[in-house]
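Remarks on the structure that follows.
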Amino acid sequence: MKILVLNAGSSSIKYQVFGMDEQQVLAGGLIDRIGEAGGEMASHHEALEQIIQRLQAAGIAGIDAIGHRVVHGGEHFKQPALIDAAVVDTIRAMIPLAPLHNPANLEGIEVAQRLFPGIPQVAVFDTAFHQTMPPVAFRYALPVELYQQHKVRRYGFHGTSHQYVAQQAAAYLHRDLVDLNLITLHLGNGCSAAAIAGGKSIDTSMGMTPLEGLVMGTRCGDIDPALHFYLHRETGLSADDVESLFNKKSGLKGLCGVGDMREVQALADSGDTDAQLAEAMFAYRVKKYVGAYIAVLGRIDAVVFTGGIGEHSARIRAQVCANLQVFGVHPDLDRNTAHTAGILEFQQEAATLKLLVIPTNEELEIARSTARELLRRS
């Protein structure tokens, strides 16, 4: 079986084709700047036609199914969904919850339906994995009617990444996932932590939107919600201005002028005190969530680092793990700096709590989820 995975953004489409017999990438790429001045494609339709041509040139034919990444599925989708008219309508109804993402995801679906008629297509939702959270974790302390009528609650994101690395951790440890308690840390430009008990998410750091939680590349993470009112009153910023400030101009970028952790660390090493503070705040916030989720889970088998920063920044991992010995976290700092293409294990020899670095592969998880959904319906 060949599965094409599509991740359609507002001005880009990422794609990969997987041969599912051996779960290998047969082809992949990115078309960006769609519809922008100087971009090579004027529309998602043209971009997807170009992708088809690229696949044909690579000798890849006979796509059996298409898996689409969709950011927000609300409470409607607790698992991947075979796309039909009702699913499309429901994704469209979720646009107010993810106005920056769902419209582009939906456009990718609708274009793919026109260009691949008759081929089954499956929507895989970033939020679905976290739909196992209990109300004590997903509800906000707001009037109940806001939840009942407007679905104001915490949803969580990066679900495909958290699910994938949890499965990989179980396989690596030769344990059944239902017997494991894990903390997974997806650290990149966007960041989230998850508490996973028996393979199910029971809490996660992102909320109704991807803004809540950890310090990120350009997002502020947790703040006092009254800041919105203060900034409007004292600076005259509009609601749209504040939303842009918190999402696009804050986080690492707001603290020191750059949002890429590699640049932050280079500035920090040069003596830039703002960058030093940004790096320290980033790690401090992750550490706080690790401590909180150890308390939530009670027993913890492994802490898993993934994402661009989680996989590649040994010094962030060291800062996060420092001074957590009371919880059984005992990093081996030499092993932490080792380079490996696969899974890295870096706890001290006698420690029972495992510290793992596991490369994420959200596209492969989308392909797997697509195959499972088709098999379930066969």
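The values are calculated or read from the model by the stated rules, or taken from the named source; none is laboratory data. Only a predicted model underlies this, so the values are computations on that prediction, with no experimental measurement involved. Here the Cβ is made from the backbone with ideal geometry for all residues, glycine too, and neighbour counts use every protein chain on show. What goes into the accessible areas is simple: the full protein's heavy atoms, side chains included, and nothing from ligands, DNA or RNA. Shrake-Rupley method; radii C 1.70, N 1.55, O 1.52, S 1.80 Å.
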Filtering the range 337-375 down to residues that are open to solvent by 50 Å² or more (accessible area, probe 1.4 Å) and under 30 Å from I63 (Cα atoms), which residue is modelled with the lowest pLDDT?
A341
Expected single match for assigned to a helix (DSSP H, G or I), crowded, with 19+ Cβ neighbours inside 10 Å and at pLDDT 95 or above among V320, V304 is V320
Restricting to the range 52-67, count the residues that are in contact with a helix residue (DSSP H, G or I) (Cβ under 9 Å, 6 or more places away or on another chain) and either of a type outside the set (V, I, T) or crowded, with 19+ Cβ neighbours inside 10 Å (or both).
5
Pairs under 7 Å by beta carbon, first residue over 30 Å from Q148 (Cβ atoms) and acidic (D, E) in the range 59-85, partner at pLDDT 95 or above and crowded, with 22+ Cβ neighbours inside 10 Å, six or more apart or different chains?
D64/I3
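Among Q168, Q131, which is at pLDDT 95 or above, open to solvent by 30 Å² or more (accessible area, probe 1.4 Å) and part of a helix (DSSP H, G or I)?
Working: Q131 fails: open to solvent by 30 Å² or more (accessible area, probe 1.4 Å).
Just a single option satisfies the conditions, and that option is Q168.
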Take the residues in the range 187-202 that are on the phi < 0 side of the Ramachandran plot and open to solvent by 20 Å² or more (accessible area, probe 1.4 Å), then tell me which one is modelled with the lowest pLDDT.
N189
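Looking at V87, V70, which one is hydrophobic (A, V, I, L, M, F, W, C), buried (at least 21 other Cβ atoms within 10 Å of the Cβ) and touching a strand residue (DSSP E or B) at 6+ places or on another chain (Cβ under 6 Å)?
After applying the criteria, what remains is V70.
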Identify the single condition in (1) part of a loop (DSSP other than H, G, I, E, B); (2) open to solvent by 50 Å² or more (accessible area, probe 1.4 Å); (3) more than 16 Å from R372 (Cβ to Cβ) that V25 does not satisfy, given that it satisfies every other one.
(1)
Out of G291, G213, G217, G207, report the one residue that is within 30 Å of Q167 (Cα to Cα) and in a helix (DSSP H, G or I).
G291
Is it fair to say F282 is of a type in the set (F, W, Y), more than 22 Å from the chain's Cα centre (by Cα) and either open to solvent by 30 Å² or more (accessible area, probe 1.4 Å) or on the phi < 0 side of the Ramachandran plot (or both)?
no
Is at least one residue of the range 76-97 among the acidic types (D, E), assigned to a loop (DSSP other than H, G, I, E, B) and either closer than 21 Å to E373 by Cβ or at pLDDT 95 or above (or both)?
yes
The number of residues in the range 1-26 that are within 25 Å of M41 (Cα to Cα) and touching a Phe, Trp or Tyr at 6+ places or on another chain (Cβ under 8 Å) is 7
With respect to T160, is the statement that it is assigned to a helix (DSSP H, G or I), in contact with a helix residue (DSSP H, G or I) (Cβ under 6 Å, 6 or more places away or on another chain) and β-branched (V, I, T) true?
yes
